[in-house]
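J.: One structure coming up, written as structure tokens, with questions to follow.
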């Protein structure tokens with residue numbers, strides 16, 4: 001019996017599946033809970049808007065003056081009331097109020113997501129405008145204003161086939177608006193719609209699976225997944241079966257990447273880039289709903305997808321302040337990309353309502369159709385170590401190293417950031433326990449900044465010249481001959497006569513980074529600087545060792561009541577180490593919460609000679625405390 005038990009344990013371990021509770025939870029109870037929350041909160045917000053003449057600059061204390069505000073709320077209001085089967089809400093005629101909100105956006109010259117949400121709100125009330133409650137409450141002149149609001153030429157140039165001063169993914173937004181316009185009969189000419197869908201599909205043509213959001217620089221992040229879903233939706237609404245067929249491989253690959261990224265503890269998806277915490281949780285709701293509707297793309301059974309959906313919902317629900325009726329976007333230690341400012345606090349909160357309402361209705365339909373009676377408390381997530389290329393044929397390569405081994409999980413992206421050296425896009429193990437990049441800050445988070453003699457600061461980022469993952473996924477090697485320069489534009493690479501080869505190794509729960517610097521001629525690095533931003537703040541242990549005044553070894557252990565992290569840095573040059581407490585500064589603001597400590601390492605006047613490479617290394621060794629065990 002003992003041998004059989006040991007064999008069973010070995011087989012489970014070999015399968016690489018994280019143990020989960022076997023409790024079966026009711027999926028319909030989950031969807032009812034979400035429906036009730038959204039209905040209550042949308043009603044509260046709607047009732048707080050006493051007039052639209054003029055529109056209030058605040059609702060429940062939150063500003064309404066940011067981009068997309070009224071378009072976002074009208075979509076949430078339309079989705080919620082349509083799902084509830086009513087046109088009367090908080091004692092008011094909802095279609096009439098939605099129509100007036102659309103006029104606010106139209107007269108403001110609003111574009112992009114404001115237009116898409118307005119189109120969706122209109123579509124919620126039916127595609128026959130002769131019976132559409134919103135349309136029927138508009139005067140002839142007001143209908144003309146709505147037509148202007150739904151005209152994609154506000155942000156899309158059909159002559160040059162490009163969005164105007166916007167990222168690539170906005171082609172997906174334009175395609176969705178145009179497809180809805182066509183279905184509603186507002187744009188009866190089929191030609192422009194087909195041309196726009198063809199343009200939106202281009203990033204996925206010729207076998208490409210992932211979209212560069214800032215071509216040709218190679219910026220790959222969460223928008224690739226969202227963009228593909230938007231193009232799919234537009235093509236489906238326009239009956240473009242040819243585009244759907246060609247898009248299938250991309251959707252399949254992107255869903256597999258998302259499933260390998262998503263955090264089984266809280267449902268968080270893309271952990272690098274502009275993945276504002278709230279947005280990444282909402283991604284999980286929308287992605288699971290999409291997979292509920294399209295089973296062919298599922299990377300896991302529906303029950304496990306619902307479990308992940310529930311995890312994301314629980315985080316969002318916990319993040320919501322019932323007393324203020326707002327998300328906790330700007331709490332102490334919370335970081336946001338600059339486009340998410342206080343002017344958009346209301347917009348982000350009501351965007352949560354709209355996305356949750358639509359996702360929940362879609363998922364509930366799938367759960368009912370497939371007669372899913374239960375889902376596990378935790379999703380079954382397989383252990384994995386693999387590298388996914390985003391771009392492998394170009395001379396500047398990009399991809400992500402995906403690792404999940406028991407309680408250790410991280411994603412190490414090699415891609416281009418919104419600007420060179422920004423911490424959110426550095427090739428670092430985002431999601432690794434204890435490590436967190438401060439949002440939208442120029443911080444050398446586990447990737448050094450090198451200041452050259454002429455004052456330029458360079459960083460090994462923005463893609464790589466070569467990427468070589470090991471066959472077993474345990475190691476990743478990348479090489480940079482061309483570097484990104486901090487302070488310049490993304491994609492403007494320079495060759496300073498320096499080469500760095502970086503090798504990441506993950507084994508037995510320990511992550512090591514080895515970096516070898518070499519020079520084609522004598523070079524001096526004036527300042528070498530690297531930091532470890534950590535969510536831990538309690539110092540457990542520290543050791544320092546110098547080797548003959550030449551090399552250095554610094555080791556520090558930090559912890560919490562659940563985890564500890566030992567960081568060891570070894571260099572062939574003298575090293576200065578320091579601990580920086582971030583306080584209430586941008587350096588302490590993470591996408592998921594506070595980053596109290598940065599471990600700072602610095603060296604000066606590093607001399608590099610041809611044929612004499614120098615190698616340094618950093619080791620991250622996490623350990624669960626006795627309390628967690």
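Values in this text are rule-based calculations from the coordinates and carry no lab data. This is a predicted model, so every value here is computed, not measured. Because the Cβ atoms are built from the backbone with ideal geometry, glycine has one as well, and the counts that use them run over all protein chains shown.
J.: Angle between the Cα long axis of helix 94-107 and the longest principal axis of the chain, 0 to 90 degrees, nearest 10?
T.: With both axes taken from Cα atoms, the answer is about 60 degrees.
J.: Same structure, new question: Given contacts defined as C-alpha pairs under 8 Å and at least six residues apart, what's the relative contact order of region 388-624, whole-number percent? Don't jump to the answer; show the numbers that get you there.
T.: On the way: 634 pairs, mean separation 43.8, N = 237.
Here the relative contact order equals 18 percent.
J.: Using packing as a proxy for protection, rank 207-218, 571-582, 380-391, 226-237 so that the peptide with the highest average count of other Cβ atoms within 10 Å comes first. Please list the in-between numbers first.
T.: Values: 207-218: 19.8, 571-582: 15.7, 380-391: 17.8, 226-237: 22.8.
Output ranking for 207-218, 571-582, 380-391, 226-237: 226-237, 207-218, 380-391, 571-582.
J.: For region 388-624, what ratio Rg/Rh do Cα atoms give with a Kirkwood hydrodynamic radius? Could you put the intermediate results ahead of the total?
T.: Values: Rg = 16.9 Å, Rh = 18.0 Å.
Ratio value, two decimals: 0.94.
J.: Compute the Rg to Rh ratio over region 233-342 from the alpha carbon atoms, using the Kirkwood formula for Rh, and round to two decimal places. Walk me through the numbers before you get to the answer.
T.: On the way: Rg = 16.0 Å, Rh = 15.5 Å.
Result for region 233-342 is an Rg/Rh of 1.03.
J.: What is the helix-to-structure angle for 241-261, meaning the angle in degrees between its Cα long axis and the longest Cα principal axis of the chain, kept from 0 to 90 and rounded to the nearest 10?
T.: With rounding to tens, the tilt is 50 degrees.
J.: In the P(r) worked out for region 444-560, what percent of Cα pairs fall beyond 20 Å? Working shown, then result.
T.: Details: 3663 of 6786 pairs.
For region 444-560, the fraction of Cα-Cα distances above 20 Å is 54 percent.
J.: Sticking with this one: Arrange the following residues from fewest to most other Cβ atoms within 10 Å of their Cβ: 137, 513, 32. Could you put the intermediate results ahead of the total?
T.: On the way: 137 17, 513 22, 32 13.
Ranked by crowding around the Cβ, least crowded first: 32, 137, 513.
J.: Taking Cα atoms, how many degrees apart are the long axis of helix 140-149 and the longest axis of the chain, rounded to 10 and kept between 0 and 90?
T.: 20 degrees
J.: Then there's this: Computed on alpha carbon atoms, what radius of gyration and Dmax characterise region 458-521, expressed in Å?
T.: That works out to 13.2, 39 Å for Rg and Dmax.
J.: Compute the Rg to Rh ratio over the chain from the alpha carbon atoms, using the Kirkwood formula for Rh, and round to two decimal places.
T.: Working: Rg = 25.8 Å, Rh = 26.1 Å.
Result: Rg/Rh = 0.99.
J.: Which values, in whole Å and largest first, are the semi-axes of the equivalent ellipsoid of region 13-160 obtained as the square root of 5 times each eigenvalue of the Cα gyration tensor?
T.: Values: eigenvalues 224, 88, 55 Å².
Taking √(5λ) for each eigenvalue gives 33, 21, 17 Å, largest first.
J.: With only alpha-carbon atoms in the gyration tensor, what are the semi-axes of the equivalent ellipsoid for region 153-193, in Å, largest first?
T.: Values: eigenvalues 72, 23, 10 Å².
Semi-axis lengths for region 153-193 are 19, 11, 7 Å.
J.: Where does each of 245, 345 land when they are ranked from fewest to most other beta-carbon atoms within 10 angstrom?
T.: Values: 245 10, 345 25.
So the ranking, lowest neighbour count to highest, is 245, 345.
J.: Just the number, please: percent antiparallel of the DSSP beta bridges in the chain, rounded to the nearest 5.
T.: Taking every DSSP beta bridge within the chain, about 100 percent pair in antiparallel fashion.
J.: Please say if region 55-113 is rounded, prolate or oblate, where rounded means a/c under 1.5 for a ≥ b ≥ c the square roots of the C-alpha gyration tensor eigenvalues, and otherwise the choice is prolate for a/b larger than b/c and oblate otherwise?
T.: Values: a/c = 1.91, a/b = 1.53, b/c = 1.25.
Taking the square roots of the gyration eigenvalues as a ≥ b ≥ c, region 55-113 is prolate.
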